[in-house]
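Remarks on the structure that follows.
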Amino acid sequence: MPLNIVIGTQWGDEGKGRIVDLLAAQADIVARFNGGDNAGHTVTVGKRTFKLHLIPSGIIHPHTMGVLGNGMVINPTTFMSEVDMLQTAGVAAGPERLRISHAAHLITPAHRALDQAQEASRGSAQIGTTGRGIGPAYTSKATRNGVRMEDMLDPYPFADKIKRHVEDINKVLVSMYSADPLDAVTVGREYEHYARMIAPYIADTGSLVHTALKQGKRVLAEGAQGTLLDIDHGTYPFVTSSSSTAAGVFCGLGLGIVPVCDVVGVTKAFQTRVGAGPFPTEVFGKTAERLRGSGKNPWDEFGTTTGRPRRVGWLDGILLGYALRVNGVTELMITKLDILSGLSNLRLCTAYQAGDEIVSELPLGPGRLEPYEPVYEELAGWDEDVTGVRKWSHLPEAARAYVGRIAEFCGVPVRRVSVGPERDQVVDVSS
Ligand code: GDP
Ligand code: IMO
Ligand code: MG
């Protein structure tokens, strides 16, 4: 079956959006299976830059169909504004080419208020969430108090359901967090309005994707967040609330265990993280400023969703190796190689050290990184601007050696590297 999966192998923002856009040229359906509008996926096509939070990045190609799977949590305000943004840019985004699973859960203003109240109450132990209500929406789902997209199909009971949902969360907001309650009737009315607009998009997307695969159509699953933010396999508790690893595709799209062609791992040429939590290879000072950028370029390391400066560091081969294992990654795409131009030396973390003990595998996964210091291998940098390079053999020798060492260390082939955000700024390793 022609199912391909794109997964972030780090803490998100690896450049999944641009890689999905690249691969969507050969896909019929592009489907998100996890997360919500905490994601921010950037696609640059010529002078236009699209920042997508909910709608799959493959939608920019006019021949594709976009699916928002049951594993997602949907903020209807974001969905409608993204539809508007796309239509204004001349990208069709009506129900004829976009479908939302009937079983995906809704995010409400009550979830967002709770997310923010919970973060505030954590004090110095804050996770640094995006404040989009993601954790509370998945909590409602797991405690069986959630509101699903299918509830929107009947606007009157739906408005009442939303009203009761807000009243329930108000009790928690007021009694546990001394926060202001929301106006449940107003939210109910607002959501009734959304229900009328969104109802035509709602479908049994599991059946749709399954049928497409049986017909030999090509489906591309677009991961949001990254492996180290996965609720089970990430740097818990500094994670998101969904399954962002490859296995999440089956559950989050309503598929059985069907064969997969490629699991494409997207890896930035260095390491970034937005939000709190351990980050062994984090750097500060001049190198950090260099890797992060000043914020003037659209690709500088400032969050697509929240605008927060991202923490930056050297590529962590230990965490990368772990990510490749838990996802079953078959090939790597390395992004932002151009950013490393001009650094005299590069560092790649190839082991962890705690006292006298040196490890190359994490004894208990990435939930317990605090005891470790990174052990680095030094590699030569290069000065040349590589943004205009399109052939592997034209990249500086040191750049090829850096990519080659990553592939060798991790034991997974690197298929392409990107040297800029635009569609054509990609180098095939076999070219
Ligand atoms: P995602 O969440 O994984 O889709 O990644 P984001 O879109 O949040 O962040 C990646 C940023 O890097 C975006 O601004 C992209 O346009 C940009 N980008 C992607 N690939 C490259 C590249 O090869 N070089 C440069 N300079 N920027 C890139
Ligand atoms: P994309 O798809 C980077 C991070 C938040 C926070 C943690 C929990 O663009 O790669 P949440 O709001 O999900 O409860 O926040 O997860 N986070 C991301 N970081 N990229 C993302 O998505 C992220 N989505 C969530 O910063 O640390
Ligand atoms: Mg992002």
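The values are calculated or read from the model by the stated rules, or taken from the named source; none is laboratory data. Small disclaimer: the values here were computed from a predicted structure and weren't measured. We place every Cβ from the backbone using ideal geometry, glycine too, and count neighbours over all the protein chains shown.
Conditions (1) more than 17 Å from residue 15 (Cβ to Cβ); (2) aliphatic (A, V, I, L, M); (3) touching a residue at least 60 places away in the same chain (Cβ under 8 Å), marked per residue:
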| residue | (1), (2), (3) |
| --- | --- |
| 385 | yes, no, no |
| 388 | yes, no, no |
| 395 | yes, yes, no |
| 398 | yes, yes, no |
| 410 | yes, no, yes |
| 418 | no, no, yes |
| 423 | no, no, yes |
Residues satisfying the stated conditions in the range 191-225, i.e. of a type in the set (D, E, K, R), assigned to a loop (DSSP other than H, G, I, E, B) and over 18 Å from residue 73 (Cα atoms): 217, 218
Residue that is farthest from residue 334 (Cα to Cα), among those in the range 10-24 that are more than 6 Å from ligand 1 (Cβ to nearest atom) and of a type outside the set (Phe, Trp, Tyr): 24
Only one of 104, 159, 203, 179 that is touching a helix residue (DSSP H, G or I) at 6+ places or on another chain (Cβ under 9 Å), under 19 Å from residue 71 (Cα atoms) and hydrophobic (A, V, I, L, M, F, W, C): 104
Single match in 239, 249 (criterion: under 30 Å from residue 150 (Cβ atoms) and either away from ligand 2 (no atom under 16 Å from the Cβ) or not in a loop (DSSP other than H, G, I, E, B) (or both)): 249
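Residue-wise test of (1) among the acidic types (Asp, Glu); (2) closer than 26 Å to residue 191 by Cβ; (3) within 14 Å of ligand 1 (Cβ to nearest atom); (4) within 16 Å of the chain's Cα centre (by Cα).
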site: 26; (1), (2), (3), (4): no, no, no, no
site: 32; (1), (2), (3), (4): no, yes, yes, yes
site: 47; (1), (2), (3), (4): no, no, yes, no
site: 50; (1), (2), (3), (4): no, no, yes, yes
site: 73; (1), (2), (3), (4): no, yes, no, yes
site: 77; (1), (2), (3), (4): no, yes, no, no
Test for residue 20: is it of a type in the set (Val, Ile, Thr) and more than 14 Å from ligand 3 (Cβ to nearest atom): no
Residue that is in contact with a strand residue (DSSP E or B) (Cβ under 7 Å, 6 or more places away or on another chain), farther than 21 Å from residue 254 by Cα and within 14 Å of ligand 2 (Cβ to nearest atom), where the choices are 42, 49: 42
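One line per residue, one yes/no per condition, for (1) surrounded by fewer than 15 Cβ atoms within 10 Å (Cβ to Cβ); (2) farther than 20 Å from residue 8 by Cβ; (3) away from ligand 1 (no atom under 16 Å from the Cβ):
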residue	(1), (2), (3)
324	no, no, yes
336	no, no, no
342	yes, yes, no
354	yes, yes, yes
380	yes, yes, yes
405	no, yes, yes
Residue 215 out of contact with any Asp or Glu (no Cβ under 8 Å at 6 or more places or on another chain), within 15 Å of ligand 3 (Cβ to nearest atom) and at pLDDT 95 or above: no
Helices (runs of 4 or more DSSP H) contained entirely in the range 45-160, each with at least 1 residues that are within 16 Å of ligand 3 (Cβ to nearest atom) and surrounded by fewer than 21 Cβ atoms within 10 Å (Cβ to Cβ): 76-88
Residues that are outside any loop (DSSP other than H, G, I, E, B) and among the hydrophobic types (A, V, I, L, M, F, W, C), drawn from the range 271-312: 288, 291, 302, 312
Set 12, 40, 35: member being under 30 Å from residue 214 (Cβ atoms), within 16 Å of ligand 3 (Cβ to nearest atom) and small (Gly, Ala, Ser): 35
Close pairs from the range 361-375: first more than 17 Å from residue 237 (Cα to Cα), partner of a type in the set (Asp, Glu) and assigned to a loop (DSSP other than H, G, I, E, B), Cβ under 6 Å, at least 6 apart: none
Which numbered condition residue 31 misses (of (1) within 14 Å of ligand 2 (Cβ to nearest atom); (2) surrounded by 21 or more Cβ atoms within 10 Å (Cβ to Cβ)): (1)
